[in-house]
Amino acid sequence: MPKSRKITNDWPYAPAPEAAKIAKVAKRYDHFINGKWTAPKSGEYFKTTNPANNRKLSEVADGNEADVDAAVKAARAAYEGSWGKMSARERGKYVYRIARLMQERAREFAIIETLDGGKSIRESRDIDVPLAANHFFYNAGWADKLDYAFPNRKPKALGVAGQVIPWNFPLLMAAWKIAPALATGNTVVLKPAETTPLTALKLAEIIEDSGLPDGVVNIVTGAGETGAAVVNHPDVNKVAFTGSTAVGKLIQKSVAGSDKRVTLELGGKAANIILEDAAIDQAVEGIVNGIYFNQGHVCCAGSRLFVQESVFDEVMWKLKRRMETLIVGDPLDKNTDIGAINSREQLKTIQKHLKAGVEDGAEMFQPKCDLPSSGNWCPPTVFTNVAQSSRIAQEEIFGPVLAVQTFRTVPEAIEKANNTPYGLSAGVWCDKGARLFQLTGALDAGVVWGNTYNQFDPTSPFGGFKESGFGREGGLHGLAAYLEL
Ligand code: NAD
Ligand code: MN
């Protein structure tokens, strides 16, 4: 390999910031319950900040059990009234209308997602918002065709769905949850994450504009206790949760013995595996996309890399060279590759893991980046010489941090890749189709990408094994999770 891998940034890109002004963020948001903006019973609000500068963006209602109870009652009344009595065909029209309104306001959604959560505007504009709209379009199409989706069954809605979502894909996770629930005739109480409530509240605004009957979708904001109130409410028929494995375990315990249906989408520690015959440039791009994309705030992020020994030097040389070109900074700038870390807490967690990696004897590399002076930032990081037992190889970091290990044979790669409590996703890079299928079959992962990474589609089911949870979202599996068949 050539000795120097330095890329001089003599011609940096000129700033290309998106116009934050076009997005309307109110000073304060109430809950959206029964079609009305409703003040919290406690009178309490909490702030949501922009992680790129830690300044307050807005404040939102802090929901308690009484607020959640009002939301569940509204959802129940809508299920037994307007929504339950409507023909499936009419229901589908509303879901289409929400999808179209979302497209019309895509730019505003993208900007608010980036302001509230810190992800790069390229990401929210090209991935989060269009995919969210596509989930509504896809599910809308099924609304009056459920008898064809599940032939020889009698698909029937479950009732009220209580849904709790995380901060890494705030609008997209809301869409994954709300769209199939509505298309199958259920009603919804959704609680967004406390650091990123704004796009779910914007979604409530377009739901209002769509004329959806009152109470069909209710949005209650708050932190963990509000989420627990949604999950534990006795009149909720179905619980859909995406978040950490720790909270997932709590939820599973609390619903045990009830007849609530549950799906849990939890953490991950995905392996990306490069075999010696892989197209290395393409693989390196996929690795960068898999772990540095969205600051590594991705449950299915390719956070572990396994490289066949014979190509290790080449892969590492190319990877480090590519990392040096990544732009970290203002999430609203269209050139930015890596935006802000979602919260101070998350940044602390990541930094704790960086320290653990070094303590456990791994070698850390970070390209030189000029980080902004305020806000939460982490440069792209890669660890080599990582022991299988090291904390960075075992624990979910949820940041732009990659742990690299090597292998000699395919069985060794499989054994190492499967040696984690998680089983959400994996990636395989190799030239031979037969080898690829050998590996995809042997990996304990709900999703395995071949010669690509982080590809999502509403028609395709997504979900994990082991401690990554159970149940699937997306595709027909995602609809089935909201139906009695
Ligand atoms: P988290 O579990 O702390 O929070 C997720 C949501 O649950 C938030 O809305 C939170 O307020 C709520 N919550 C917290 N305590 C609760 C309780 N006791 N009862 C009910 N709700 C409660 O997770 P996070 O830190 O926001 O998100 C990151 C985690 O989510 C990571 O572990 C990541 O892997 C996982 N995740 C998984 C997927 C997936 O599809 N598998 C997708 C995105 C994120
Ligand atoms: Mn925020």
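Observations, loosely collected:
- For A223, distant residues with modelled amide H under 5 Å away: G63
- Basic side chains Lys and Arg get +1 at the Cβ, acidic Asp and Glu get -1 at the Cβ, and with that the dipole of the chain about its Cα centre reaches some 520 debye.
- Lys/Arg +1, Asp/Glu -1 at C-beta; segment 271-450 dipole; positive extreme among F312, A301, T440: A301
- With a simple spin-label model that places each label point 7 Å from the Cα along the Cα-to-Cβ direction, the separation between A356 and Y13 comes to 3.3 nm.
- A simple rule links phi to the HN-Hα coupling: the Karplus curve 6.51 cos²θ - 1.76 cosθ + 1.60 with θ = phi - 60°, which for segment 142-156 gives 7, 3, 9, 10, 5, 5, 8, 5, 10, x, 6, 10, 10, x, 9 Hz, with x for Gly and Pro.
- Restraint check, K73/K156; K36/K156; K24/K238, Cα-Cα greater than 23 Å: K36/K156; K24/K238
- Dipole orientation for segment 370-485: of the candidates G423, P372, F456, G423 has the Cα lying most toward the positive pole (charges on Cβ; Lys, Arg +1; Asp, Glu -1).
- Nearest-ten-degree value, helix 198-210 long axis tilted from longest Cα axis of the chain: 40
- C-alpha long axis of helix 344-359 to longest principal axis of the chain, angle in °: 30
- Normalised contact order of the chain, rounded percent, pairs of Cα under 8 Å and 6 or more residues apart: 18
- Each residue of segment 56-72 was assigned a 3J(HN,Hα) from its phi angle through the Karplus curve 6.51 cos²θ - 1.76 cosθ + 1.60 (θ = phi - 60°); the sequence is 5, 9, 6, 10, 10, 5, 9, x, 10, 4, 5, 5, 4, 4, 4, 5, 5 Hz, with glycine and proline shown as x.
- Between C378 and I341, the built amide H atoms are under 5 Å apart, and every one of these is 5 or more places off in sequence or on another chain.
- Exposure proxy ranking for D330, D259, based on other Cβ atoms within 10 angstrom of each Cβ and starting from the fewest, stands as D259, D330.
- Candidate lysines for bridging to K368, where Cα separation is under 21 Å - those fewer than 8 sequence places away on the same chain excluded: K3, K6, K119, K318, K320, K334, K348, K352, K355
- Within straight-line cross-link reach of K191, aspartates and glutamates at Cα separation under 14 Å, skipping those fewer than 8 residues along the same chain: D30, D62, E65, D67, D69, E225
- Equivalent ellipsoid semi-axes, the chain, via Cα gyration tensor eigenvalues times 5, rooted, Å: 38, 26, 20
- Once the Cβ-Cβ distance of E285 and S254 is raised to the sixth power relative to R0 = 45 Å, the FRET efficiency obtained is 0.60.
- Where only DSSP H runs of four or more residues are counted, the chain gives -11500 deg cm²/dmol as its mean residue ellipticity at 222 nm, each run worth -39500 (n - 2.57).
- Using alpha-carbon coordinates, inclination of helix 245-255 to the longest axis of the chain, degrees: 30
- Ranked by how many other beta carbons lie within 10 Å on average, peptides 153-159, 28-34 from highest: 28-34, 153-159
- Cβ charges +1 (Lys, Arg) and -1 (Asp, Glu), total dipole of segment 271-450, debye: 260
- Around the amide H of G267, modelled in the peptide plane, lie the amide H atoms of T245, all under 5 Å away and 5 or more residues distant in sequence or on another chain.
- Taking segment 271-450 and dividing mean pair separation by its residue count, relative contact order in percent (alpha carbons under 8 Å, at least six apart): 28
- Scalar couplings 3J(HN,Hα) for segment 310-315, obtained by applying the Karplus form with A = 6.51, B = -1.76, C = 1.60 to θ = phi - 60°, are 5, 10, 4, 4, 5, 4 Hz; x denotes Gly and Pro.
A short reminder: the numbers here are calculations on the coordinates, not readings from a lab. Everything numeric here is computed off the predicted structure, so don't read it as measured data. All Cβ positions, glycine included, derive from the backbone under ideal geometry; neighbour counts span all protein chains shown.
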